[in-house]
1. In whole Hz, what ³J(HN,Hα) sequence does the stretch A:116-125 give by Karplus (6.51, -1.76, 1.60; θ = phi - 60°), x for Gly and Pro?
2. Hey, rough spin-label estimate for A:LEU162 and A:GLU203, points 7 angstrom out along Cα→Cβ, what's it come to in nanometres?
3. If you take the alpha carbon radius of gyration of the stretch B:3-173 and divide it by 2.2 N^0.38 Å, what ratio comes out, to two decimals?
4. If you average the sequence gap of Cα pairs under 8 Å that are 6 or more apart and divide by the length of the stretch B:190-324, what percent do you get for the contact order?
5. Compare each residue of the stretch B:93-110 in its chain alone against the assembly with all protein chains, and report those whose accessible area goes down by 50 Å² or more; 1.4 Å probe, heavy atoms.
6. Pairs of alpha-carbon atoms within less than 8 angstrom and 6+ residues apart define the contacts here; what relative contact order does the stretch B:3-173 have, in percent?
7. Could you pull out every residue, at least 5 positions away or on a different chain, whose amide H is within less than 5 Å of the one on A:VAL244? Hs are placed 1.01 Å off N in the peptide plane, and Pro or chain starts have none.
8. Collect residues whose amide H, placed 1.01 Å from N in the peptide plane, falls under 5 Å from the amide H of A:SER217; neighbours closer than 5 in sequence don't count.
Amino acid sequence: MSQTAPTLTAGRDESLTRPIADEVGWTDADVRAVDTVRVLAADAVQHAGHGHPGTAMSLAPLAYLLYQDVMVHDPSDPHWLGRDRFVLSAGHSSLTQYIQLYLSGYGMELDDIKALRTWGSATPGHPEVHHTTGVEITTGPLGSGLASAVGMAMAQRRQRGLLDPDAAPGESPFDHHVWVVASDGDLMEGVSSEASSLAGHQELSNLTVVYDQNFISIEDDTDISFSEDVAKRYEAYGWHVETVDWRGRAGDSGDAARADDGTGPYTEDVDALHAALQASRERTDRPTLVILRTVIAWPAPTARDTAPRTGPRSARTRSRPPRSCWASTRRPPSPSRTRSSSTPAPWSGGARRRTPGGRSATWRGARPTPRAPVCWTGCRPRSCPRAWTRPCPPSRPTRRAWRPARRPARC
Amino acid sequence: MATRKASGQVLTALAPVMPELWGGSADLAGSNNTTMEGEPSFVPDGKATESFPGHRYGRTLHFGIREHAMGMSLNGIALEGLTRPYGGTFLIFSDYMRPAVRLAALQQLPVVYVWTHDSIGLGEDGPTHQPVEHLAALRAIPGLDVVRPADANETAVAWRTILETVDHPSALALTRQNVPTLDRSVLAPADGVARGGYVLAEAEGGDPQVVLIGTGSEVQLALGARDQLQADGVPTRVVSMPCREWFDAQDQSYRDEVLPPAVRARVSVEAGVAQGWRELVGDAGRIVSLEHFGASADFETLFREFGLTADAVAKSARESIEAARGEAPSAPGTSDPQEPTDDESTLGDAGEGGTRSTDETQK
Ligand SMILES: Cc1ncc(C[n+]2csc(CCOP(=O)(O)OP(=O)(O)O)c2C)c(N)n1
Ligand SMILES: [Mg+2]
């Protein structure tokens with residue numbers, strides 16, 4: 001691993017296992033950034049006095065990995081058509097996304113995160129599309145994000161077929177991937193079952209769902225209401241399923257302290273997760289479910305593995321992180337110190353446009369299929385081409401049908 | 001006290017006297033206050049948890065995050081016939097239950113829904129979690145009683161009346177936020193809830209010149225407006241209307257007593273769409289409502305910014321009085337649900353350039 005700034009993780013608690021991220025090439029700066037994400041999540045909730053910090057803390061490595069190393073996107077052009085789509089189906093963990101938008105240069109600023117869940121802020125309780133730059137979909141009602149992502153994946157295929165059917169796989173500006181982060185609740189909701197069944201049937205290989213299996217929901221331990229083998233269920237739907245287990249001795253269920261099956265401490269194997277995600281992108285025959293086993297609120301000592309309660313008291317007593325970002329003297333380097341808002345963060349793979357800037361221009365010039373220009377000019381601005389009425393001749397009224405009855409009908 | 005909390009206390013009090021009553025929540029037991037204190041959970045032996053001890057013959061139901069399945073299961077429980085089931089979630093997720101609720105009504109099943117967080121009053125969770133059209137949409141289901149009590153005492157009477165209803169489903173819409181427990185020594189007793197609507201505060205200094213009708217957490221706004229109007233010498237009656245269906249079931253003379261036909265100046269106030277209120281407030285009436293989606297902020301800010309205030313109700317009352325006298329145009333659409341201002345959330349508008357958007361391309 002290249003140690004660009006060895007001091008960056010100097011103060012890290014040695015009892016916390018360092019994320020395994022050699023193959024993906026994370027430096028101390030990345031580890032520091034991920035730790036900062038956790039602290040920011042906890043602080044934002046603490047500052048607001050309410051909200052769900054735990055999942056944003058434990059999913060910090062996943063979210064960072066997606067935004068920095070996996071997704072193809074361009075924060076300087078958030079509406080670039082070729083971008084991968086990110087769906088936070090676990091919308092209650094909006095900070096998972098907001099903090100990545102901050103780190104990767106979408107214009108989200110620290111003050112926006114401080115304004116979490118307040119009037120007029122860019123950071124409402126749940127992500128809202130058309131409201132916050134970089135948010136692709138409004139989520140919060142569990143199940144809805146995952147199910148809508150199935151539609152995104154279907155649309156991607158249809159759009160490519162309309163506009164660029166002859167391109168080699170991966171070569172078209174319309175080859176994007178849909179990434180979903182889902183929680184226990186998303187997987188419990190019926191609508192996700194229906195949509196996942198459809199996705200399997202449709203062999204939507206451009207869809208990857210990362211299921212954050214932390215065995216916790218609002219009523220605490222999910223043992224009380226959820227015990228099926230999700231992996232087998234998704235296999236039966238026709239998905240590729242992979243499990244990445246970070247829980248170590250926390251095991252299959254229960255809290256981290258209780259179980260001790262000797263499998264070792266909680267370890268964030270980012271490399272394993274990265275491999276699963278990259279493989280899912282390459283897969284061409286079916287959608288992928290990556291079951292990521294985590295401990296909620298890791299590594300906050302009092303909050304981990306407890307139900308994500310809201311409210312000021314719980315935020316204070318249960319989710320207090322080891323240290324505070326904007327409230328403490330031991331302030332970790334704020335991302336704003338290491339990046340200016342106009343340039344991507346030094347650790348940012350932020351602008352990962354697989355298709356270089358000119359590619360869609362090239363497409364426009366070189367590849368228009370006969371139907372493409374109509375679609376392009378007609379569909380994209382959500383308006384109809386002028387000529388749309390031509391194929392629709394007016395129908396003659398069916399006289400009988402609407403003539404008033406002479407006598408009241410009898411039955 | 002929040003009405004959801006009052007509801008939880010009622011349930012706990014009912015536990016020993018109504019063994020046939022049982023229910024639970026779709027993963028929101030603590031938020032919905034649906035657990036009868038100390039009652040064991042209904043769960044196979046190996047699956048009880050630290051938070052929810054229980055056994056296979058237990059009483060507290062845990063549906064998981066599966067509202068649709070909860071609704072259908074409640075129907076099945078009711079069809080078995082020997083017990084009374086209830087189920088809770090946030091009111092917004094009545095949407096996830098709607099097909100089941102309709103089937104409960106169609107089958108005349110005495111299921112009880114405990115729907116909490118019943119308006120923008122839930123605050124910071126924002127528009128995905130804030131009901132706006134839900135009360136109207138639920139009232140549109142034939143055979144479903146929608147009950148939205150104003151305070152703890154109304155909640156107790158509401159539960160009593162609901163449990164006496166054995167041939168169709170009922171829904172409670174309860175607040176997340178605290179609401180004042182009304183002083184019944186100066187106001188009418190909460191027993192009036194059983195009739196759906198009742199005179200909570202009588203006009204003073206003469207026949208009522210205007211009637212203010214509120215439901216749930218907005219009854220306090222009607223009372224606040226009444227104070228202002230009475231101070232200006234306008235005799236003002238406040239009607240609490242927790243259940244439109246129960247009120248409709250009263251005979252004409254009672255309804256005329258509560259809403260005298262001669263008093264055409266009327267204002268309704270409810271933190272939801274106006275739909276359905278015109279028929280009670282009439283041509284000269286005014287409707288203080290919410291005609292757009294909510295936003296993520298504390299509830300006081302939301303009520304203020306969205307114009308759901310005692311001031312707005314008092315202003316509408318004055319307009320309605322004029323309209324009733326023929327001095328102002330009657331029956332505008334709705335009186336005061338102001339058009340969203342520029343910095344207000346209107347997700348409905350978002351596609352055309354969300355007014356609150358920070359997304360430059362959307363402006
Ligand atoms: C349809 C729906 N029902 C209920 C809720 C309320 N709610 C918010 S988060 C949550 C459960 C959280 O558990 P989980 O999905 O496992 O997410 P985690 O806390 O592990 O991030 C619930 C029930 C919701 N958001 N959507
Ligand atoms: Mg969970």
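The values are calculated or read from the model by the stated rules, or taken from the named source; none is laboratory data. This one's a predicted model, so the numbers in the text were calculated from it and none came from an experiment. FYI the Cβ positions are ideal-geometry reconstructions off the backbone, even for glycines, and counts take in every protein chain you see. Note: areas computed on protein heavy atoms with side chains; ligands, DNA, RNA excluded. Shrake-Rupley method; radii C 1.70, N 1.55, O 1.52, S 1.80 Å.
1. 2, 6, 10, 3, x, 6, 7, 10, x, x
2. If labels sit at A:LEU162 and A:GLU203, their model points lie 2.3 nm apart.
3. Numbers: Rg = 14.9 Å, N = 171, 2.2 N^0.38 = 15.5 Å.
Compared with the compact-globule rule of thumb, the stretch B:3-173 sits at 0.96.
4. Details: 258 pairs, mean separation 37.2, N = 135.
So the answer I get is 28 percent.
5. Buried by the other chains: B:TYR96.
6. Values: 328 pairs, mean separation 38.3, N = 171.
That works out to 22 percent.
7. For A:VAL244, whose amide H was placed from the backbone, the distant partners under 5 Å are A:ILE291, A:LEU292, A:ARG293.
8. When sequence neighbours closer than 5 places are left aside, the close amide H contacts are A:THR222.
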